[in-house]
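Written below as structure tokens is the structure these notes are about.
The values are calculated or read from the model by the stated rules, or taken from the named source; none is laboratory data. Just so it is clear, the model here is predicted, and its values are computed rather than measured. So basically every Cβ, Gly included, is an ideal-geometry build from the backbone, and we count neighbours across all protein chains shown. When the accessible area is computed, the model is the full protein with side chains, heavy atoms only, and any ligands, DNA or RNA have been set aside. Shrake-Rupley method; radii C 1.70, N 1.55, O 1.52, S 1.80 Å.
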Amino acid sequence: MSESPDISIIIPLLNEEESLPELHSWIVRVMVQKGFRYEILFVDDGSTDNSWEIISQLAKENTHVKGIKFNRNYGKSAALNTGFKNANGEVVITMDADLQDSPDEIPGLYDQITNDGFDLVSGWKKKRYDPIMKTIPSKFFNFVARKFSGIKLHDFNCGLKAYKQDVVKSIDVYGEMHRYIPFLAKGQGFVKIGERVVQHQARKYGETKFGLERFVFGFLDLLSISFVSKFKKRPMHFFGSFGTLSFFFGTVITLWVIGRKFYEIQMGLPARDVVDQPLFFLALVAVIIGVQLFLAGFIGEMMTQSSTRKNDYLVSKKIGLKD
């Protein structure tokens, strides 16, 4: 295409052969009705079914379709990160491949980015067609995420989101951080983050790829990203603060124990050996921990200055994209 598309639609997927033709047709219908220039980028995260063959066929029928296939399963974050790097649209839309996200929501999301000036708009599946064992933990997870991040979203994990192109080109999605893309965007200075109530569909084909363990991992990822967002560029502020406190209290207690020993000797009072007092050894441990935290801070500073993160995933095939 000679002109950059208005919309890039990124669809990460794993074994979704049944839903892909229907999803493609639905997206194309919406794009044509609204007159959008568009591209659809399917990122196959190591599917073992016929998903890639279907994507290849769709690309032959529709030049707007592009595809990336991983050599193995890396996870949704890897798929989204790779999709972001290859997206060309003014607005980037992400959505799941299981037909639970409705393409009819795309024009509204696009409008909030282009006309209302949002940097990022997240979908909110207010009415969900998921079992209660999934919805209750999700509510708790979103509550905790709001408190940690300060971002007032009801559904951090909704796959249907819209971004300015600048946002997706500025963030690095790794590990399992796809749940916290709004948090990552905020850390890069994109603070105008909104949400939109979107239609949630019951799953039509197959089974969900996510189990309850994702909530445990999600909480751990939240702690990780909270730490990284605050201290990524200044690790000495974190380690050095605790190191200073530990070293200070350890030194003060050590001097107090030794000083009291000399005082008791001078006054002719019965005195215990310093090494017979547990408090002395606790003080020494505090001093050692303080020194170690300082060293950790220095090492962290050096790593921050000299290293860059690389998220290169082994791509086995591409369609419609330059190598």
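Tabulated results
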read-out	value
Protection proxy ranking, peptides 245-255, 172-182, average beta carbon neighbours within 10 Å, highest first	172-182, 245-255
Apportionment of accessible area to carbon and sulfur, segment 39-193, percent (1.4 Å)	50
Net length gained if the chain between H237 and S4 were fully extended (0.36 nm per residue, minus Cα distance)	79.6 nm
Förster radius 30 Å - calculated FRET efficiency between D111 and N73 (Cβ-Cβ, nearest 0.05)	0.30
Nearest-20 debye value, segment 61-156 charge dipole, Cβ charges on Lys, Arg, Asp, Glu	660
Net lengthening on full extension, W256/R29 (0.36 nm per residue, minus Cα-Cα)	73.9 nm
Segment 10-108 - Debye-derived log10 I(q)/I(0), Cα point model, q = 0.10, 0.11, 0.14, 0.25 Å⁻¹	-0.23, -0.28, -0.46, -1.57
L279 paired with Q266, simple spin-label distance in nm, labels 7 Å along Cα-to-beta-carbon	1.8
Nearest-0.05 FRET efficiency for T244 and F140, computed from C-beta distance (R0 51 Å)	0.90
Accessible surface ranking that places the most exposed of M95, M236 first, with a 1.4 angstrom probe	M236, M95
Which listed pairs, of K147/K192; K126/K318; K69/K192, have C-alpha distances above 28 Å, in listed order	K126/K318; K69/K192
Accessible surface of I265 - all protein chains present, 1.4 Å probe, nearest 10 Å²	100
Extension gain from F148 to L321, taking 0.36 nm per residue of separation minus the Cα-Cα distance	58.5 nm
